[in-house]
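Enquirer: Below is a structure I'd like to ask you about.
None of the figures in this text is laboratory data; all of them are computed from the coordinates on show. Remember, it's a predicted structure, so these values are computed and weren't measured experimentally. A quick note on method: Cβ atoms are made from the backbone with ideal geometry, for glycine too, and the neighbour counts reach across all protein chains shown.
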Amino acid sequence: MASYDATHYNPPAPVAMVVLRISTDLSGAASVPDVPLLIDTGADITLIPRSAVQRLGVTLLPAQYEVLGIDGKTRTTTDGSIWICSSSTRRSAAATS
């Protein structure tokens, strides 16, 4: 269940601690526990901490995103992206520092 994080977000925002898993075949899977994910149902992209992506050993795809922050400022990132699947949904997720 998500809880509101007032330490890292102002105003407080819902954050869930999740386990990221990747499986390349039936012989095994890598996982990273306790990854904080901001719950934002109106977001166009999902941001995943770069450290979690690196711990999974996933290669980032070249990508560039323009992000509009809550402060109204636009920022461009070239951090890269990965494809994630949740149930039957496939969407792009950007890795961030």
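Enquirer: Would you call residue 52 loosely packed, with under 11 Cβ neighbours inside 10 Å and under 27 Å from residue 12 (Cβ atoms)?
Expert: So residue 52 does not fit the description; no.
Residue-wise test of (1) of a type in the set (Ser, Thr, Tyr); (2) assigned to a loop (DSSP other than H, G, I, E, B); (3) out of contact with any Leu (no Cβ under 9 Å at 6 or more places or on another chain).
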position	(1), (2), (3)
31	yes, no, no
36	no, no, yes
48	no, no, no
52	no, no, no
59	yes, yes, yes
63	no, yes, yes
